[in-house]
Amino acid sequence: MTEALSPGGLAARAADAGPRARPRVLFVSHTGTMSGAELVLRDAVRPWAGSTAFLFEDGALADTLRGAGLAIRLARRGTGLSGLRRDASILTALPKLRRLAGLALEIARAARACDVVYANSQKAFLLAAIPARLVGRPVIWHLHDILDGAHFGRAQRTVQAQLANLCAARVVVPSRAAAEAFVNAGGRTSRVTVVPNGLDLDRDPRSPTALRAELGLPDGPLIGVFSRLSPWKGQDVVIEALAKIPNVRCIVVGTALFGEDAYAAELRARVSALGLSERVLFLGQRSDVPRLMQAVDAVVHPSVDPEPFGRTLVEAMLAGVPVIATDAGASAEILDGGAAGILVPPRRSDILAAAVAEVLAKPDAVAARTELARVRALTRYSAAGMQQALATLILDIAAGA
Ligand code: UDP
Ligand code: GLC
């Protein structure tokens with residue numbers, strides 16, 4: 001943690017700015033499950049011990065934030081929103097209105113005790129924006145989604161963008177792709193700040209061979225896919241591609257975190273229908289993704305809809321393995337237009353298969369790109385850089401900038 005980011009550094013900046021004490025932040029999240037957005041929040045709150053998190057549900061995120069020194073306020077009765085798909089029609093939420101109104105009141109009360117509200121998800125922003133403004137607190141929306149037609153219906157996009165125009169002091173997005181989508185949905189350009197996600201990862205000094213032995217992974221050509229199982233993450237395309245490249249094995253890491261169990265079952269069924277059971281290994285949810293990445297010959301990032309950021313892309317870059325990613329959303333900007341990895345069109349298992357075969361056959365031909373990717377990830381996507389940018393933004397908003 002840099003000095004500017006340490007609690008002492010923040011306090012000093014706040015003191016310099018005037019008589020007000022260091023701002024108290026209310027971090028709001030709708031989910032208790034840890035996916036990319038919650039991992040970003042885990043790192044973003046590090047300088048904010050003593051602040052509060054308002055969570056719609058208990059779970060791993062609550063434990064993590066408590067561990068970071070935040071006070072946790074849990075919504076009293078929950079929202080019943082967890083099972084609601086984010087692209088569901090607004091009408092679907094209507095029966096839950098009474099509960100949601102109660103929740104809005106709770107958020108307003110929590111917001112009154114703080115200086116600034118930081119909503120870390122789309123659902124958190126939808127519920128926190130108006131209550132926070134009613135009690136006169138500025139709202140920062142950390143928008144981890146791409147507000148486009150692939151992910152959201154038209155009405156949802158418009159409501160979210162207009163609510164942001166009305167209520168958000170700032171909308172933070174992790175990529176230019178996410179910023180563009182927000183503006184295309186009707187959001188004001190002047191409200192958006194791009195703060196790329198940052199990660200702090202240690203490299204395992206062991207060789208891929210030693211790691212494979214320890215992890216019980218097979219020898220020979222091996223690729224990996226590292227995302228939660230969800231139709232838009234595109235694991236099915238990799239399975240189709242594997243059917244075209246006979247000697248290659250693949251580890252599929254991750255689980256269906258948000259109720260996409262039918263997709264997970266379909267993937268398994270497709271693997272056995274294609275006779276790939278020996279070559280596709282489902283490893284489930286893991287806590288050692290960076291190590292697993294270092295053990296494979298290439299990481300495939302196959303999202304079929306635009307990816308808002310994709311922490312796994314940067315993790316693969318830091319692991320020093322070749323990255324093959326679909327050119328949708330932020331991948332191109334993260335991989336420097338393809339100079340730091342291989343970009344393929346989404347949903348094209350034939351092109352993906354050819355790209356994988358090429359990288360595995362001629363690893364030396366991509367070594368320079370892989371090294372460029374590692375350096376690029378270290379310099380552009382550090383956790384410290386992200387914390388610094390977010391902390392500065394929070395201080396500025398709290399100070400009324
Ligand atoms: N991840 C993990 N274990 C798994 C699968 C994924 O810890 O089994 C992590 C992965 O390393 C990454 C995050 O989950 O840090 C996923 O973030 P990303 O931004 O790639 O996608 P999201 O799921 O948030 O859309
Ligand atoms: C969301 C996005 C992912 C992004 C993460 C953190 O979960 O799907 O692309 O990396 O948030 O911003």
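Here are the numbers for this structure:
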| quantity | calculated |
| --- | --- |
| Pairs with Cβ under 9 Å, 6+ apart, first in the stretch 281-294 and in a helix (DSSP H, G or I), second open to solvent by 50 Å² or more (accessible area, probe 1.4 Å) and near ligand 1 (Cβ under 7 Å from one of its atoms) | Leu292/Arg286 |
| Options Gly337, Gly329; residue that is small (Gly, Ala, Ser) and within 13 Å of ligand 1 (Cβ to nearest atom) | Gly329 |
| Odd one out for Ser349 among (1) touching a Lys or Arg at 6+ places or on another chain (Cβ under 9 Å); (2) hydroxyl-bearing (Ser, Thr, Tyr); (3) within 13 Å of ligand 2 (Cβ to nearest atom) | (3) |
| Ala124 assigned to a helix (DSSP H, G or I), modelled with pLDDT of 95 or more and touching a His at 6+ places or on another chain (Cβ under 9 Å) | yes |
| From the options Leu283, Leu222, residue that is closer than 24 Å to Gly32 by Cβ, modelled with pLDDT of 95 or more, touching a strand residue (DSSP E or B) at 6+ places or on another chain (Cβ under 6 Å) and among the hydrophobic types (A, V, I, L, M, F, W, C) | Leu283 |
| Residue identified as among the aliphatic types (A, V, I, L, M) and outside any helix (DSSP H, G or I) among Leu267, Leu217, Leu211 | Leu217 |
| The listed residue being out of contact with any His (no Cβ under 7 Å at 6 or more places or on another chain), open to solvent by 30 Å² or more (accessible area, probe 1.4 Å) and under 30 Å from Ala262 (Cβ atoms), out of Gly216, Gly224, Gly220, Gly234 | Gly216 |
| Of all residues making up the stretch 311-325, the number that are open to solvent by 10 Å² or more (accessible area, probe 1.4 Å) and either within 16 Å of Leu39 (Cβ to Cβ) or within 15 Å of ligand 2 (Cβ to nearest atom) (or both) | 4 |
| Candidate set from the stretch 296-316 (those that are more than 12 Å from ligand 1 (Cβ to nearest atom) and outside any loop (DSSP other than H, G, I, E, B)); member that is nearest to Thr209 (Cα to Cα) | Ala298 |
| For Leu201: the one exception among (1) within 14 Å of ligand 2 (Cβ to nearest atom); (2) of a type in the set (A, V, I, L, M, F, W, C); (3) at pLDDT below 95 | (1) |
| Enumeration of residues in the stretch 154-168 that are surrounded by 19 or more Cβ atoms within 10 Å (Cβ to Cβ) and either in contact with a Lys or Arg (Cβ under 9 Å, 6 or more places away or on another chain) or of a type in the set (Phe, Trp, Tyr) (or both) | Gln156, Ala161, Ala164, Cys167, Ala168 |
| Residue among His144, His151 that is surrounded by fewer than 20 Cβ atoms within 10 Å (Cβ to Cβ) and within 15 Å of ligand 1 (Cβ to nearest atom) | His151 |
| Among (1) of a type in the set (A, V, I, L, M, F, W, C); (2) in contact with a strand residue (DSSP E or B) (Cβ under 9 Å, 6 or more places away or on another chain); (3) open to solvent by 20 Å² or more (accessible area, probe 1.4 Å); (4) part of a loop (DSSP other than H, G, I, E, B), the one test that Phe258 misses | (2) |
| In the stretch 169-213, the residues that are polar (S, T, N, Q) and surrounded by fewer than 20 Cβ atoms within 10 Å (Cβ to Cβ) | Asn184, Thr189, Ser190, Thr193, Ser207, Thr209 |
| Residue under evaluation Leu372, criteria (1) assigned to a loop (DSSP other than H, G, I, E, B); (2) closer than 17 Å to Ala298 by Cβ; (3) not hydroxyl-bearing (Ser, Thr, Tyr), criterion not met | (1) |
| Selection status of Ser277, of a type in the set (S, T, N, Q), open to solvent by less than 20 Å² (accessible area, probe 1.4 Å) and assigned to a loop (DSSP other than H, G, I, E, B) | no |
| Single residue of the stretch 340-353 satisfying the filter (free of Cβ contacts under 8 Å to residues at least 24 places away in the same chain and farther than 19 Å from Tyr381 by Cβ) that is farthest from ligand 1 (Cβ to nearest atom) | Ile351 |
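The values are calculated or read from the model by the stated rules, or taken from the named source; none is laboratory data. Remember, it's a predicted structure, so these values are computed and weren't measured experimentally. Using ideal geometry, Cβ is built from the backbone for each residue, glycine included, and neighbour counts are taken over all protein chains shown. Protein only, heavy atoms only, side chains kept; ligands, DNA and RNA dropped before computing areas. Shrake-Rupley method; radii C 1.70, N 1.55, O 1.52, S 1.80 Å.
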